[in-house]
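The values are calculated or read from the model by the stated rules, or taken from the named source; none is laboratory data. Predicted model, so just to flag it, every value in this text is computed and none were measured. Quick reminder, even Gly has a Cβ in these numbers, built from the backbone with ideal geometry, and neighbours come from all protein chains shown. Heavy atoms of the whole protein, side chains included, go into the accessibility calculation; ligands, DNA and RNA do not. Shrake-Rupley method; radii C 1.70, N 1.55, O 1.52, S 1.80 Å.
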Amino acid sequence: PGATPAVAYPRKILEYMEGFLISKVVFSSCELGVFDLLLGAERPLSAEEISQAVGTSVDGTERLLAACAGLQLLNIHQDGGRLLYSNTESGQTFTMTRSSPLSLSLTVPEPSTLCWHYLTDAVREGRNQYEKAFGVDAKDLFQALYRSDEEMVKFMQLMNSIWNICGKEVVTAFDLSPFKTICDLGGSCSGALAKQCTSAYPECTVTIFDLPKVVRTSRENFFSEANRRIGFYEVGDFFKDPLPGADLYILARILHDWTDQRCIELLQRVHQACRPGGSVLLVEALLYEDGSGPLTAQLYSLNMLVQTEGRERSAAQYAALLTAAGFTSIQHRFTGKIYDAVLARK
Ligand code: SAM
């Protein structure tokens with residue numbers, strides 16, 4: 001009598017609650033260039049050395065580095081009474097340093113974080129929070145992302161980086177070798193998937209279609225003369241302008257930005273432009289039909305709620321959109337990574 005009943009320790013819930021602190025540690029360390037500095041230094045550095053090089057307070061830097069070590073993003077070395085820090089191998093290779101070809105350049109673009117600030121409102125209202133976050137008309141989805149050249153290049157880098165890690169699985173989920181002319185609609189935000197196509201299928205050529213200013217920026221920042229099998233179509237708006245003829249249209253992370261009605265409209269335009277016997281490949285994070293996951297797709301669907309008109313969908317939901325636009329023989333494949341593939345024929 002009188003003893004307090006034993007309460008299970010809610011480890012998972014506590015971890016979830018501090019999740020945003022972890023994200024901020026990662027973003028701030030990237031933003032300050034901590035991992036790049038350690039890569040360039042080629043020896044472990046102390047908090048004093050790091051704070052001096054990146055222009056931060058010693059106390060704040062010590063705490064940030066400690067948190068990075070706790071997250072296993074940095075190694076700690078004992079040097080007499082001092083602590084020294086170096087990059088971990090996986091952090092260096094995959095995520096943290098901007099110079100790595102596999103970099104995820106984890107600085108999430110500002111538009112995303114600003115919109116996530118209003119998640120509760122987005123859930124209440126069932127619509128994106130562009131107006132609140134930026135004071136721009138929510139109808140012009142890409143206006144905030146593309147409001148400055150710097151913001152645009154950042155968004156492109158983020159879009160780009162994921163295909164260095166998941167792109168090969170996406171373009172090889174189906175045998176695309178029968179398709180010689182490929183059009184990557186809305187593909188300019190990096191062109192990285194087009195590069196994956198030309199390396200997986202040596203006989204194909206890829207035309208990238210995107211908004212003119214995106215194409216221009218993409219050309220200037222991400223392409224060299226070496227990409228001869230990749231061309232650009234600078235005319236512009238896939239809802240209004242004529243689409244180039246092709247055997248295969250790729251729509252990677254496009255439909256998730258739009259309502260069902262807009263998706264069908266766009267797919268009908270693709271169907272019209274597509275050569276008979278041609279196909280469309282959708283690349284999206286597919287939800288399971290029973291709603292049980294994957295967690296990444298569930299989170300991405302909220303990301304679409306806070307900043308677009310769209311949502312993540314299941315394979316059956318994409319099949320319904322494709323069927324409404326006239327496509328047949330619809331198949332899907334989970335890749336086991338973030339993005340999956342749906343193929344349909346005209
Ligand atoms: N497909 C790329 C990828 O997966 O990395 C980019 C996906 S990004 C989420 C959406 C792309 O659609 C952007 O490149 C954007 O500029 C483009 N876009 C948006 N509205 C468009 C329109 N009306 N016409 C052509 N492209 C458009």
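Quick look at the values:
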item	result
For region 164-345, share of DSSP beta bridges that run antiparallel, in % to the nearest 5	35 percent
Cross-link reach list, aspartates and glutamates versus Lys180, counting only Cα pairs under 14 Å and skipping chain neighbours closer than eight places	Glu203, Asp247
10 Å Cβ shell holding at most 13 others, DSSP loop, GluC sites (Glu not before Pro): longest site-free stretch of the chain	43-202
Span from the region 139-154 Cα centroid across to the region 17-79 one, whole angstrom	29 Å
Accessible-area order (highest first, 1.4 angstrom probe) of the listed residues Met17, Met156	Met17, Met156
Accessible area per residue in Å² at 1.4 Å probe, computed on the chain	51 Å²
Solvent-accessible surface ranking, highest first, for Thr259, Thr4 at 1.4 angstrom	Thr4, Thr259
Accessible carbon and sulfur surface of the chain relative to its total accessible area, %, 1.4 Å	53 percent
Cα-based reach from Lys24 at 15 Å (exclusive), listing aspartates and glutamates while leaving out same-chain residues under 8 positions away	Glu15, Glu110
Radius of gyration, Dmax [the chain; alpha carbons; angstrom]	22.6, 81
22 Å Cα-Cα threshold exceeded, pairs from Lys195/Lys337; Lys154/Lys195; Lys168/Lys213; Lys132/Lys213; Lys213/Lys240	Lys168/Lys213; Lys132/Lys213
Kyte-Doolittle at least 1.6, axis length at least 24 Å by Cα - qualifying DSSP helices, the chain	none
Max mean-square fluctuation residue, GNM over the chain, Cα-Cα springs under 10 Å, options Thr217, Thr113, Thr207	Thr113
Unit Cα scatterers, Debye sum, region 164-345: log10 I(q)/I(0) for q = 0.10, 0.11, 0.12, 0.16 Å⁻¹	-0.35, -0.43, -0.52, -0.97
Amide proton proximity set for Trp258, modelled H, under 5 Å, gap of 5+	Gly310, Arg311
Antiparallel bridge percentage (DSSP; both residues within the chain; nearest 5)	50 percent
When the convex hull of its Cα atoms is projected in every direction, mean area for region 132-219 (nm²)	6.6 nm²
Relative contact order (%) - criterion: Cα under 8 Å, at least six apart; region: the chain	13 percent
Residue-count net charge about Arg275 - beta-carbon cut-off 13 Å; Lys, Arg +1, Asp, Glu -1	+2
Cα pair distances of region 11-95 binned at 10 Å [whole percent]	17, 53, 24, 6
For the chain, built as a Gaussian network whose Cα springs stay under 10 Å, the top-fluctuating residue of Val283, Val26, Val215	Val26
Listed residues Arg82, Arg127, Arg228, most fluctuating in the chain (Gaussian network, C-alpha, under 10 Å)	Arg82
Probe 1.4 Å - accessible area at Asp137, Å² to nearest ten	90 Å²
Rel. contact order, % - alpha carbon contacts under 8 angstrom, at least six apart, region 164-345	22 percent
Cα coordinate range in region 169-224, projected on the principal axes (Å, largest first)	32, 18, 16
Contour excess over end-to-end distance, with Cα ends at Tyr16 and Glu234 and 0.36 nm allotted per residue	74.1 nm
